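Only one structure is covered here, and it is reproduced in the block below.
The values are calculated or read from the model by the stated rules, or taken from the named source; none is laboratory data. As the structure is a computational prediction, the values presented were derived from the model and not from experiment. Quick reminder, even Gly has a Cβ in these numbers, built from the backbone with ideal geometry, and neighbours come from all protein chains shown. Side chains are part of the model used for accessible areas, which takes the heavy atoms of the whole protein and leaves out ligands, DNA and RNA. Shrake-Rupley method; radii C 1.70, N 1.55, O 1.52, S 1.80 Å.
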Amino acid sequence: MIDTIFALSTVYGKSGIAIIRVCGPKASNVARLLGIKRELPVRQAFIHQIRTIDDTEFLDNAMVLFFKKPNSFNGEDILELHLHGSIAVIDGVLDELSKISYIRLAEPGEFAKIAFLNEIIDLTEAEGMADLIDAETSMQRAAALKQMAGEAGNLCKRWREGLVKILSNLEALIDFPEEDLPTSLLLKINEDVGRILEDMDRNLSISKLASSVAAGIRVVISGPPNAGKSSLMNLIAKSDVSIVSDIAGTTRDVVSIRMNLDGFLVNLYDTAGIRDSEDLIEKEGIKRAKLAIQDADINILVLDICGNDVPYVDIPYEIVVLNKLDIAPFKTQQLDILAEKFTDSIVLTTSVKNAHGLDDLLTSLIKIIRDKYQLAVHQPSLSRLRQREKLRECISYLRDFMVSDGCLDILCENIRNACRSIGAITGNIDIEEILDEIFSNFCIGK
């Protein structure tokens, strides 16, 4: 039997409403201890006084909801107290609950963990729930809702069902060791594994993009010193987040902001100007700038229209900006030269001083983001690192299967291991060792 647990399910602090949840077999007993003597109607809200356990003090008028197992969020009895969002009220009710010997404070994510243990949700749905709570933009919300709806879990289940069918065919052949393996049957099994492997590889690529949507797409602004990188950063951010100076090497570290671009969360980075320098601090900033460029999802190169050097052509820049149009006459051939050097880049002209070209830059950036990441939002994907690691593990076993020498025992073991890996994504195996890691990232009252 599970414990009866309680927690504040809304953010602690002053608010319009605060919700305290009690979950478990003794949830209705807790209601009576808090002064709710009437029968608890199921799924029907009512207003009632909440009092101290010794009935000496009135704490609040609360809206009360009771959900009877198994028809609740996690399959257990759940009592919800919708209180006024006063810190004094919250503390008072939580203090009273802590005096009850047969209930305890919930651990992080324990309400959702119970839902998983009761087989109401799988692990991908639970992680989708956590992603939804963390969502800051519409695209993050859309991706999380698809995962909560079970689309990623259903995809994994379909893969696993296909592998189990292949495994059953292989194990059936073990019952006839004296027979040679029919070539046609092995070819059919290889084709089936190949199709699943191709589907997994394709989804892994989509899932990498989905992880960027979930964590925030990394857009890095880089270039030589005094090209206007920090000014561009401030212009986009509409705030003085980066120090701007005529002195080369002013930016010594990577500066970042988070912003919502067309529903996508973007982490925008300003970096130190890249040049040869003997200054130890500046050299460290340049080193970090180069690392940021390598780790970026999208790179923006900013160049001075007055400059002669066009560096970094070996790095895939999505956008190249020719800046300072306000202080130098623009020559069409300059744009042509850049277009020749950066054939796969969008080349633009700007003046950050008067915001010329900013709209074109943002429009181009949004188009790149849409083209690259829109599919990842609307396709079932495995955006969590844990999920992708298990998928890579599964893919590795299937690749070993494809190159094995045809020994049935080895073939079966590869498919068994692949099934275990894919099952670990949804929780379709004994995975007690990873549950705490997953649910510990939830808030206490979820």
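Computed quantities for the displayed model
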| quantity | calculated |
| --- | --- |
| Among the residues listed as Ile434, Ile327, Ile429, the single one being at pLDDT below 90, in a loop (DSSP other than H, G, I, E, B), among the aliphatic types (A, V, I, L, M) and under 30 Å from Lys146 (Cα atoms) | Ile429 |
| Residue identified as assigned to a loop (DSSP other than H, G, I, E, B) and buried (at least 21 other Cβ atoms within 10 Å of the Cβ) among Ile36, Ile90 | Ile36 |
| Selection status of Val310, within 27 Å of Ile366 (Cβ to Cβ), at pLDDT 70 or above and of a type in the set (A, V, I, L, M) | no |
| Number of the exception - Val403 against (1) more than 17 Å from Ile196 (Cβ to Cβ); (2) loosely packed, with under 13 Cβ neighbours inside 10 Å | (1) |
| Every residue from segment 208-223 that is of a type outside the set (A, V, I, L, M) and more than 10 Å from the chain's Cα centre (by Cα) | Lys208, Arg218, Ser222, Gly223 |
| Residues (out of contact with any helix residue (DSSP H, G or I) (no Cβ under 8 Å at 6 or more places or on another chain) and open to solvent by 40 Å² or more (accessible area, probe 1.4 Å)) located in segment 59-85 | Asn61, Met63, Phe67, Lys68, Lys69, Pro70, Asn71, His84 |
| Test: residue in segment 356-370 that is farther than 20 Å from Gln140 by Cα and part of a loop (DSSP other than H, G, I, E, B) | yes |
| Number of the exception - Arg288 against (1) open to solvent by 40 Å² or more (accessible area, probe 1.4 Å); (2) modelled with pLDDT of 85 or more; (3) in a loop (DSSP other than H, G, I, E, B) | (3) |
| Only one of Gly24, Gly13 that is more than 18 Å from Leu97 (Cβ to Cβ), of a type outside the set (D, E, K, R), open to solvent by less than 20 Å² (accessible area, probe 1.4 Å) and touching a residue at least 60 places away in the same chain (Cβ under 8 Å) | Gly13 |
| Number of the condition not met by Val64 [criteria: (1) in a helix (DSSP H, G or I); (2) closer than 19 Å to Ala18 by Cα] | (1) |
| Meets criteria (over 30 Å from Ala7 (Cβ atoms), of a type outside the set (Val, Ile, Thr), under 27 Å from the mean Cα position of the chain (by Cα) and open to solvent by 70 Å² or more (accessible area, probe 1.4 Å)) for Glu119 | no |
| Residue tally, condition farther than 19 Å from Leu301 by Cβ, touching a residue at least 40 places away in the same chain (Cβ under 8 Å) and in a loop (DSSP other than H, G, I, E, B), over segment 212-240 | 1 |
| So Val164, is it over 30 Å from Cys394 (Cα atoms) and not small (Gly, Ala, Ser) | no |
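Here is a yes/no grid of residues against (1) farther than 21 Å from Asp199 by Cβ; (2) surrounded by fewer than 22 Cβ atoms within 10 Å (Cβ to Cβ); (3) modelled with pLDDT of 90 or more:
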{"residue": "Ala126", "(1), (2), (3)": "yes, no, yes"}
{"residue": "Leu132", "(1), (2), (3)": "yes, yes, yes"}
{"residue": "Gln147", "(1), (2), (3)": "no, no, yes"}
{"residue": "Arg158", "(1), (2), (3)": "no, yes, yes"}
{"residue": "Val164", "(1), (2), (3)": "no, yes, no"}
{"residue": "Glu171", "(1), (2), (3)": "yes, yes, no"}
